[in-house]
1. Applying a 10 Å radius around every beta-carbon, put 147-154, 243-250 in order of their mean neighbour count, most first.
2. What does the charge dipole of the range 190-275 about its Cα centre add up to, to the nearest 20 debye, if the Cβ of each Lys and Arg holds +1 and the Cβ of each Asp and Glu holds -1?
3. For the charge dipole of the range 143-238, defined by +1 on Lys and Arg C-beta atoms and -1 on Asp and Glu C-beta atoms about the Cα centroid, which residue among 162, 145, 208 has the Cα displaced farthest towards the positive pole?
4. Could you pull out which residues in the range 236-263 have an amide N less than 16 Å from a spot 7 Å beyond the Cα of residue 107, following the Cα-Cβ vector?
5. Order the peptides 128-141, 169-182 from the highest to the lowest mean number of other Cβ atoms within 10 Å of their residues.
6. Compute the distance in nm between two label points, each set 7 Å from the Cα along the Cα-to-Cβ direction, one at residue 267 and one at residue 143.
7. Which value, in debye to the nearest 20, gives the size of the charge dipole of the range 211-326 about its Cα centre, when Lys and Arg are +1 and Asp and Glu are -1 at the Cβ?
8. Go through 290, 267, 308 and say which Cα lies farthest out towards the positive end of the charge dipole of the range 263-326; charges sit on Cβ, +1 for Lys and Arg, -1 for Asp and Glu.
Amino acid sequence: MDMQAAQYGARLWLQTDAAFGLREVPLALPKPTVSSTGKITGRPVQTATVPGRSAYRPAPPVAPRAVAPPTPPSPARAMATPPAEFRRPAAHTLAGSQGADIPRTVKLPPIPDVPIDALEAISAADKASLLAELQQQVIAALTPHLSEIATKVVFGDGDPAAKLMFVGEGPGIEEDRTGIPFVGRSGQLLDKMIVAMGLNRKTVYIGNVVKLRAAEADPDTGRLRDRPPTPAEVALNIPWLHRQIEIIRPRVIVTLGAPALKYLTGTTEGISRLRGTWMTYRGVPLMPTYHPSFLLRAYTPENRAKVWGDLQQVMTKLGLPPAQPK
Ligand code: URA
């Protein structure tokens, strides 16, 4: 990719900042410090700041958030929304944890070792119906875990035969409201990244490690805040992500943030070290990059350039035309 085209692509993406008011999200992460041994410190460790997770304590009760007046659901949303009679009463499930009653010692199922391209071929039409079938299974399995926090199963979105698949960690409040992954602020940024690559949401597939929103009450304010999924939640959900990938068979996977990278590759290395370097998931090239929500918090030209560089590598791998000056 020539320099001019690369710069143009980066400019195109950066120039769209204003469209979503992203400059109003200034919270930069504290600068990391590098010790004499090369150890990076000073970044907030999310798991250490989330009380109550290790014991799976239920979150204190919180007032249910306001519910918008009902609108007729689109077919996609209707699929994601289980019938009301299958939902457990809110009082049972306010913990919002899919794994609240599963012991912490739960082990993650191993990453399947069969290479994706060794699987029997399936047509694009079969991919669509297999994915729809899987979606129904996931909805049935997760329906008992729905709560006031996780009200919908957020299965995935996009082309069932996509060549490019993005994988995030799990839905947030907007995704829970709509049943569609990556539609909140970080999703809007992801959309821009995809468009800058010359693609759009309909030509890629977007999925998550877990399919239900994970959140808990902030002990100080009592307000709900998203939290990382527990090991039990990941153990319950990850086989469905493996199956989604087996059905879609993307030519490239992009993991967004550390959790998706960890759960698809088994790595314990940090995202800062690994982003931008090709890895594989069962023979499929996998590019780790930062999660858009990290970019929103640390929206620096350096971080944006890093992510754009990662995406340019993906474009090259897929044989996509470089962004061209008009
Ligand atoms: N963050 C994710 O990891 N996934 C979503 O769907 C939304 C935000």
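1. 147-154, 243-250
2. Dipole about the Cα centre, nearest 20: 400 debye.
3. Going by the Cα projections, it comes out as 162.
4. So the set is 236, 239.
5. The densest-packed peptide leads the list: 169-182, 128-141.
6. That separation, rounded to one decimal, is 3.9 nm.
7. Around 380 debye, computed over the range 211-326.
8. Most positive-ward Cα: 308.
The values are calculated or read from the model by the stated rules, or taken from the named source; none is laboratory data. Note that the structure is predicted; figures quoted are calculated from it, not measured. Counting neighbours? That spans all protein chains shown, and the Cβs are built from the backbone with ideal geometry, glycine included. Each accessible area value is taken on the protein alone, full model and side chains, heavy atoms only, with ligands, DNA and RNA left out. Shrake-Rupley method; radii C 1.70, N 1.55, O 1.52, S 1.80 Å.
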